[in-house]
Amino acid sequence: MKILFIRHGQTQYNAEFRWLGSTDNPLCENGKKELLEKKHIIEKYKPIQKLYCSPMKRCVETAEIYFNQINIEIIDDLKERCFGDFEGKKYEELKDNHYYKEFNKKLWRSNIPNGEDYKEFFKRTKRVYLNILEDMKKNNLDYAAIVSHGGIIMSIISEFDNKKMAFYDYLVKNGCGFLAKIDEKNNPKENWEKQSKEWKKYLEDNYNDENLLNNNIIGVSSFVFSNLIELENGRECDEDTILSIYKLAKSYGIDLSLQDPNLNNNIIKNSNYIRDFTNIEKVNSLMKGNIISKGTEIAMKDLESKYSNMIRNISERAKTIKDSNSQSRASLDMDRKQQEEFKLMKNKEIEEIEKAMNGLNEAFENIKTEWLNQNKKLKEAIKK
């Protein structure tokens, strides 16, 4: 299945760099003109089987200009997020606003006074996207379009895109969009039970081991991916490996002939498609996001905790030295024997302090070395 995501044309607020969410502005004259100029580009992506659209005027007008001969299904959940106190304000006006800084820093995952709750917004966009997919499957549709808003498109595609680019990399200009190819077979985030049947058939055909289904799906992707790398680098792969890649490619509609003397070259030629289907990019991004970043976070917290303990110990030692100075002044009133005993006691304390400080420095160096070693091992493991 494919979905063409399109952001509405320019409004007067857009032209003036004002925040526009729940305010129902129509397209401005320049916005309509730009859409008519871009219409020939949209023609290349037709015909579509169904059009889903936000109820906001700017989206309905965009849909009518781009797709004037198709029925439009209006879906309320496709409307833009309500920006509350930001509505109608210029970006420049808000640059020193605490809520605005937080909003940009957290990539829309913070609340705006009198605006839509951010959790509800992201929940809504995910729900409407999955509902559209379900409607397409129910009606046997392979290709549809969605005319909506910048925030809606960023939210949906950043959630489901395997490439996992930065949030604002998914922001498109007015009247432009993305063509998304939906991989129904290899996305374990949704509808896993149905997808697992596809994997089970592939695994049983190639490995005759049902345990692989539940335990080694990532391993299968990695296996195919690593052998593609071998082929691309000019190394030979055995017949069983070539056969496995051939079967996987065929199950996704990639036409490779076993009788073709240039089968290896054909596999290399189609390797980008096969990589997408093995979902290795998503696996890689999940590894980076869930393992490396969390490992670094834990290590940093551990370092901070140990460093705080060091500071506390140093402070206590400093207080001891200060108290010792006070006692030293009082020692002037002691007799010679008492002064000698006091001096020996102070020398011993100073030795203990120096020993403790050396121990702290050594401990800190050990912690730093251990953290660097663990980080190196983790990166090597991910690389493998």
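Side notes on the structure shown:
- Taking 0.36 nm per residue of sequence separation and removing the Cα-Cα distance, the GLU352/GLU120 pair yields an extension gain of 77.6 nm.
- Using the Cβ-Cβ distance between ARG235 and LYS164 with R0 set to 35 Å, the FRET efficiency works out to roughly 0.75.
- Net lengthening on full extension, ALA15/GLU365 (0.36 nm per residue, minus Cα-Cα): 120.4 nm
- Taking 27 Å as the limit for the C-alpha separation, the pairs LYS39/LYS126; LYS2/LYS38; LYS105/LYS163; LYS2/LYS173; LYS44/LYS89; LYS38/LYS101 exceed it in the case of LYS39/LYS126; LYS44/LYS89; LYS38/LYS101.
- The modelled label-to-label distance between CYS82 and ASN140, using points 7 Å beyond Cα along the C-beta direction, is 4.2 nm.
- Remark on ILE72: its backbone amide H falls under 5 Å from none of the residues 5 or more positions apart or on other chains, H modelled at 1.01 Å from N.
- Spin-label model, LYS95/ASN265: points 7 Å from Cα along the beta carbon direction are separated by 5.7 nm.
- Once both labels are positioned 7 Å from their Cα atoms along Cα-to-Cβ, the gap between ILE41 and MET345 label points is 8.5 nm.
Readers should treat all values here as calculations from the given coordinates under stated rules, not as data from a laboratory. Everything numeric in this text was worked out from a predicted model, so none of it was measured. When we count neighbours, we look across all protein chains shown, and the Cβ atoms used for this are built from the backbone with ideal geometry, even at glycine.
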